[in-house]
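Q: Please read through the structure below; I'll follow up with questions.
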Amino acid sequence: MLPYKTLIPLDRQSATLITTQIANTLIRLIRQGILPANTKLPGSRAMAGLLGVHRKTVITAFDELTAQGWLVQQPARGTFVSSELPDIAPRQLTGTPASAGLATTTGYSFRIREQLTLPVLKNTNMLMFDDGFPDVRLAPTAQLARNYRNVLQRSFQQRLLGYADTNGDLFFRQQLAHYLHDSRGIPASPEHIFTTRGSVMAIYLLAQILLQPNDIVVVGKPNYRSANLIFAERGATLIHLPVDTHGLDIDALEAQCRQQPVRMVFVTPHHHHPTTVTLSAERRIRLLQLAEHYGFVVLEDDYDYDFHYASSPILPLASADAAGMVVYIGSFTKSIAPAFRVGYVVAPPNLIEALGYYRRIIDRQGDTVLEQAIAEMLAEGDIQRHLKKAQKIYQQRRDVFCGLLRDRLGDAVSFTIPDGGMAVWTRFNDRIDLTALAAACHKQGLIIGNGRFYQPDEPVVHHTRLGFASSTPEEMEQGTHIIQKVLATLVP
Ligand SMILES: Cc1ncc(COP(=O)(O)O)c(C=O)c1O
């Protein structure tokens, strides 16, 4: 008998079903001639024993391959490789994309950290209270398209179509430096700026450069999950410190620093993700003092600085950092639209240089034409005008949404009205199963997160972020009505 156990390796960590793995491997073995026509396969019970799986799993795989014409099942005789193999591409196994005869799984196994496979929300045509996405229908696409075309048409700028500066287009960095100075009080020059494809890329590159395995990274509990994943992938040890209504607990941070060396503190001080609280002025000063005293890096992710509704926003930590302890990250993905992947890092030039070396390994440069188009929008004030308009609309939507949550959902939810950002950190009361609620809402046409993304390690989750910026008041009406109806069926 063939060594089926070796021929059909199973990866139990893989997101692909075991049945699908068995079926796909059998197809490959048949195609490669390792299992020629008319070969008798072990019975389902024997095969299940060899592979260490449930018999039903093998039966399902055999049935699928029989339906596709790869196998023939003969009553009382057994299962055979078909003598008339399908000469066209096989019908695809459930859930796999159509491909003209290409393998549907690798012929080898590999591991992927299970945490990385947790689903993330993406835009669809359904109603959605998302993680806090901007309303892409408001995006200044006409100006962007005009500028993009102009940049492409200017023949004297043909250099823009070639290989360029890894650190980002110089005109973009010049305009951004002015913008950061005027809008946030950050006294950056182009040498202090590095362009990325969004904030996440910035966090990833910085983790590669600034962290070594086992370095301690302090984050809030809870914290922006993608950042946690990046640090964990780098091999860092994460210390989760409490977050209250004034932001990260700085007393707890000081106590931590006294115990063991902290390498980095990751903060989203303007509107903490996911809770939306703002780090108080007093804690900001102390955080900077501690950074200087203990020598840790402050990674300031200021992804939605532009959307603040209460009085005037507090300036970023980076604006008061003369000692070079803060690395500032920002992005245009929320202020224009997520599809336009332009973000940036502000840091001392020696770190900017290192970022260039690391980025080059995977991405020679950013989208230079897009950077120029955005730079012109900054120079002409288009972005600033768009932000002013969007901020007004989002503030109105926040008020409408919080009113609907209060009036429609009553004591099923509790929340603090956020001073800024694009989502409400909403607590559903203890009797509500958030996973069941999210699933039932989905069936009714509304997508909401079930909260696991924000607190994956908690046994029971009561909080989720409900984004308001991307929905019109009518859509919020419809969406909250769905939650109200579903709650009535879930919590009698
Ligand atoms: C705290 C935080 N940082 C960064 C990002 C990612 O931004 P970008 O699209 O620029 O990568 C997000 C996205 O929601 C976020 O919530």
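Q: Search region 66-88 for residues being open to solvent by less than 50 Å² (accessible area, probe 1.4 Å) and in a loop (DSSP other than H, G, I, E, B), and hand back the single one that is modelled with the lowest pLDDT.
A: P86
Q: Can you work out which of the residues in region 302-320 that are among the charged types (D, E, K, R) and in contact with a strand residue (DSSP E or B) (Cβ under 8 Å, 6 or more places away or on another chain) is farthest from Q391 (Cα to Cα)? Give the derivation first.
A: In the first step, residues of region 302-320 are kept if they are among the charged types (D, E, K, R); the result is 302, 304, 306.
Then drop every residue that is not in contact with a strand residue (DSSP E or B) (Cβ under 8 Å, 6 or more places away or on another chain), which leaves 302, 304.
On the way: D302: 16, D304: 11 Å.
Among residues in region 302-320 that are among the charged types (D, E, K, R) and in contact with a strand residue (DSSP E or B) (Cβ under 8 Å, 6 or more places away or on another chain), the one farthest from Q391 (Cα to Cα) is D302.
Q: Hey, another quick one. Name the residue that is nearest to the ligand (Cβ to nearest atom), counting only residues in region 173-196 that are out of contact with any Leu (no Cβ under 9 Å at 6 or more places or on another chain) and of a type in the set (A, V, I, L, M, F, W, C).
A: In this case the residue turns out to be L180.
Q: Scan region 133-172 residue by residue and report those that are in contact with a Leu (Cβ under 9 Å, 6 or more places away or on another chain), charged (D, E, K, R) and open to solvent by 50 Å² or more (accessible area, probe 1.4 Å).
A: R154 - this is the single residue of region 133-172 that is in contact with a Leu (Cβ under 9 Å, 6 or more places away or on another chain), charged (D, E, K, R) and open to solvent by 50 Å² or more (accessible area, probe 1.4 Å).
Q: On the given criteria, is Q289 part of a helix (DSSP H, G or I) and either within 16 Å of the ligand (Cβ to nearest atom) or closer than 27 Å to L355 by Cα (or both)?
A: Working: part of a helix (DSSP H, G or I): yes; either within 16 Å of the ligand (Cβ to nearest atom) or closer than 27 Å to L355 by Cα (or both): yes.
Judged against the criteria, Q289 is a match.
Q: Restricting attention to region 334-356, and to residues there that are open to solvent by less than 10 Å² (accessible area, probe 1.4 Å) and among the β-branched types (V, I, T), which single residue is farthest from the ligand (Cβ to nearest atom)? Before you say what the answer is, go through the steps one by one.
A: Residues of region 334-356 that are open to solvent by less than 10 Å² (accessible area, probe 1.4 Å), as a first pass: 335-337, 342-345, 347, 352, 355-356.
Those still in the list that are among the β-branched types (V, I, T) too: 336, 342, 345, 352.
Details: I336: 10, V342: 8, V345: 12, I352: 18 Å.
Residue satisfying both the conditions and the ranking: I352.
Q: Taking region 148-196, which residues are among the polar types (S, T, N, Q) and assigned to a strand (DSSP E or B)? Quick ask: steps written out before the conclusion?
A: Looking only at region 148-196, we keep the residues that are among the polar types (S, T, N, Q), and these are 150, 153, 155, 157-158, 166-167, 174-175, 183, 189, 195-196.
Selection gives T195, T196.
This table checks each residue for (1) closer than 22 Å to R173 by Cα; (2) charged (D, E, K, R).
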{"position": "A310", "(1), (2)": "no, no"}
{"position": "S331", "(1), (2)": "yes, no"}
{"position": "I336", "(1), (2)": "yes, no"}
{"position": "R341", "(1), (2)": "yes, yes"}
{"position": "V345", "(1), (2)": "yes, no"}
{"position": "G366", "(1), (2)": "yes, no"}
{"position": "E371", "(1), (2)": "yes, yes"}
{"position": "L378", "(1), (2)": "yes, no"}
{"position": "R385", "(1), (2)": "yes, yes"}
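Q: Looking at region 463-485, which of the residues that are open to solvent by 40 Å² or more (accessible area, probe 1.4 Å) and in contact with a strand residue (DSSP E or B) (Cβ under 8 Å, 6 or more places away or on another chain) is nearest to L121 (Cα to Cα)? Step through it out loud before you land on a result.
A: Let us first name the residues in region 463-485 that are open to solvent by 40 Å² or more (accessible area, probe 1.4 Å), namely 463, 473-475, 477-478, 481, 484-485.
Subsequent filtering for residues that are in contact with a strand residue (DSSP E or B) (Cβ under 8 Å, 6 or more places away or on another chain) retains 463, 475, 478.
Working: H463: 16, E475: 18, Q478: 19 Å.
Taking the candidates together, the pick is H463.
Q: How many residues does region 334-351 hold that are touching a residue at least 24 places away in the same chain (Cβ under 8 Å) and outside any loop (DSSP other than H, G, I, E, B)? Let's see the steps before the verdict.
A: Our first condition is that a residue be touching a residue at least 24 places away in the same chain (Cβ under 8 Å); within region 334-351, this holds for 334-349, 351.
In the following step, the residues that additionally are outside any loop (DSSP other than H, G, I, E, B) were identified as 343-346, 349, 351.
Number satisfying all stated conditions: 6.
Q: Here's a follow-up. Here are some residues: D399, D407. Which one is at pLDDT 95 or above, among the acidic types (D, E), within 29 Å of S335 (Cβ to Cβ) and surrounded by fewer than 15 Cβ atoms within 10 Å (Cβ to Cβ)?
A: Working: D407 fails: within 29 Å of S335 (Cβ to Cβ).
The match here is D399.
Q: Moving on. Taking R359 as meeting all but one of (1) more than 15 Å from the ligand (Cβ to nearest atom); (2) open to solvent by less than 10 Å² (accessible area, probe 1.4 Å); (3) charged (D, E, K, R), write down the number of the exception.
A: The one condition R359 does not meet is (1).
Q: Exactly one condition in (1) outside any loop (DSSP other than H, G, I, E, B); (2) crowded, with 23+ Cβ neighbours inside 10 Å; (3) within 16 Å of the ligand (Cβ to nearest atom) is not met by L238; state its number.
A: (2)
Q: Quick test of your reading of the structure: R427 fulfils all but one of (1) under 23 Å from Q396 (Cα atoms); (2) buried (at least 19 other Cβ atoms within 10 Å of the Cβ); (3) under 24 Å from the mean Cα position of the chain (by Cα). Name the failing condition by number.
A: With (1) under 23 Å from Q396 (Cα atoms); (2) buried (at least 19 other Cβ atoms within 10 Å of the Cβ); (3) under 24 Å from the mean Cα position of the chain (by Cα) applied to R427, the lone miss is (2).
Q: Report, by residue number, each residue of region 197-225 that is within 11 Å of the ligand (Cβ to nearest atom), over 23 Å from D419 (Cα atoms) and either open to solvent by 20 Å² or more (accessible area, probe 1.4 Å) or part of a helix (DSSP H, G or I) (or both).
A: Listed by number, the residues that qualify are R197, V200, M201, A202, I203, Y204.
Q: Also, quick follow-up: Could you please tell me which pairs satisfy a Cβ distance under 6 Å, a separation of 6+ or placement on different chains, a first residue in region 71-98 that is under 19 Å from K40 (Cβ atoms), and a second residue that is modelled with pLDDT of 50 or more and among the β-branched types (V, I, T)?
A: So the pair list comes out as L71/T79; Q73/T66; Q73/T79; F80/V72; V81/I30; V81/T39; S82/V72.
The values are calculated or read from the model by the stated rules, or taken from the named source; none is laboratory data. Worth saying up front: this structure is predicted, and the values here are computed from it rather than measured. Ideal geometry is used to build each Cβ from the backbone, glycine not excepted, and the neighbour counts take in all protein chains shown. The accessibility values were calculated without ligands, DNA or RNA, using every heavy atom of the protein model including side chains. Shrake-Rupley method; radii C 1.70, N 1.55, O 1.52, S 1.80 Å.
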